[in-house]
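These notes concern the structure reproduced below.
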Amino acid sequence: MNAPAGTAGYGDAAEQLAVQYESVSFAEVHRELLHHYPAPPAAVLDIGAGTGRDAAALAALGHRVVAVEPTPELRAVGERLHADVDIRWIADALPGLPLLLAEGERYDLVLLTAVWMHLTPAERPPAMDNLAALLTPGGRLALTIRHGPTPPGRHMVDLPPEHTTALAATRGLRLLHRSSRSDLHGRGGVHWTDLLFEQPR
Ligand SMILES: C[S@@+](CC[C@H](N)C(=O)[O-])C[C@H]1O[C@@H](n2cnc3c(N)ncnc32)[C@H](O)[C@@H]1O
């Protein structure tokens, strides 16, 4: 797998980023969306899982969790930090997700938490095709999207949420929730959009 542009800046900072990512809880990050998530045991896919904070919390709740993470250093930290729970880690990346798609599995819940803004406008349509294909009938896709300044050394594209809701609609995904919120880490100029889509049954 070639490193996607969106992973720029993550590998070298993995240990410091782990401290930041694990300083907030799954419940805090997903507060607006939690009531839309399936009850355990469900098949859950966390794409761009980072150090596995959310994957670990979902596994502890009794879900079957696959964590996709293209940055080897973050994956290694996640495997070490959350060795006590059952998470299957895969080294793969959007938009293509070739290893994951080759397995032919479908998921009741797919998370992209702080990941979607790393994709270029050209990568988003094929990525949305693949995300829709990974959902079970009635399956849900949760996107948490960062807005505001791009940190030095990273690659992000800040597009209005309407771009994503329109794209998802062309793939037949139904918007169930949209909200915006401030940054849990209090970073200046940073704010977030939470989106939740459902695959028709
Ligand atoms: C801000 S971190 C979020 C990590 C984790 N989801 C969390 O909320 O703590 C963004 C993650 O997206 C991953 N990423 C970047 N580009 C990606 C791509 N094209 N496909 C999948 N993951 C990607 C990075 O490696 C990094 O782990």
Within region 16-30, is there a residue that is acidic (Asp, Glu), open to solvent by 30 Å² or more (accessible area, probe 1.4 Å), under 18 Å from residue 146 (Cβ atoms) and in contact with an Asp or Glu (Cβ under 7 Å, 6 or more places away or on another chain)? no
Hey, residue 5 hits all of (1) exposed (fewer than 14 other Cβ atoms within 10 Å of the Cβ); (2) at pLDDT below 95 but one; which does it fall short on? (1)
If we keep just the residues of region 59-75 that are within 12 Å of the ligand (Cβ to nearest atom), outside any loop (DSSP other than H, G, I, E, B) and out of contact with any Gly (no Cβ under 6 Å at 6 or more places or on another chain), which is nearest to residue 20 (Cα to Cα)? 75
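Condition (residue is polar (S, T, N, Q), touching a residue at least 12 places away in the same chain (Cβ under 8 Å) and open to solvent by less than 30 Å² (accessible area, probe 1.4 Å)) applied to region 105-113: is it met by at least one residue?
In the first step, residues of region 105-113 are kept if they are polar (S, T, N, Q); the result is 113.
Checking which are touching a residue at least 12 places away in the same chain (Cβ under 8 Å) leaves us with 113.
Filter once more, so that each one left must be open to solvent by less than 30 Å² (accessible area, probe 1.4 Å): 113.
Yes - at least one qualifying residue is present in region 105-113.
Within region 78-99, how many residues are in a helix (DSSP H, G or I), over 19 Å from residue 30 (Cβ atoms) and either within 10 Å of the ligand (Cβ to nearest atom) or of a type in the set (Asp, Glu) (or both)? So that I can check it myself, show each step before the final result.
First, the residues of region 78-99 that are in a helix (DSSP H, G or I): 78-81, 98-99.
Then keep just the ones that are over 19 Å from residue 30 (Cβ atoms); that gives 79-80, 98-99.
Then drop every residue that is not either within 10 Å of the ligand (Cβ to nearest atom) or of a type in the set (Asp, Glu) (or both), which leaves 79.
Within region 78-99, residues that are in a helix (DSSP H, G or I), over 19 Å from residue 30 (Cβ atoms) and either within 10 Å of the ligand (Cβ to nearest atom) or of a type in the set (Asp, Glu) (or both) number 1.
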Going by what's in this entry, would residue 86 be described as touching a residue at least 60 places away in the same chain (Cβ under 8 Å), surrounded by fewer than 22 Cβ atoms within 10 Å (Cβ to Cβ) and more than 22 Å from residue 35 (Cα to Cα)? no
Among the residues in region 137-159, are any charged (D, E, K, R), surrounded by fewer than 20 Cβ atoms within 10 Å (Cβ to Cβ), more than 9 Å from the ligand (Cβ to nearest atom) and not in a loop (DSSP other than H, G, I, E, B)? no
Could you list, in sequence order, all residues of region 34-52 that are open to solvent by 40 Å² or more (accessible area, probe 1.4 Å) and either within 15 Å of the ligand (Cβ to nearest atom) or closer than 21 Å to residue 15 by Cβ (or both)? 34
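The values are calculated or read from the model by the stated rules, or taken from the named source; none is laboratory data. Everything numeric here is computed off the predicted structure, so don't read it as measured data. Don't worry about glycine lacking a Cβ; one is built from the backbone with ideal geometry, like all the others, and counts go over all protein chains shown. Ligands, DNA and RNA are stripped out before the accessible areas are found, and what is left, the full protein with its side chains, is counted by its heavy atoms. Shrake-Rupley method; radii C 1.70, N 1.55, O 1.52, S 1.80 Å.
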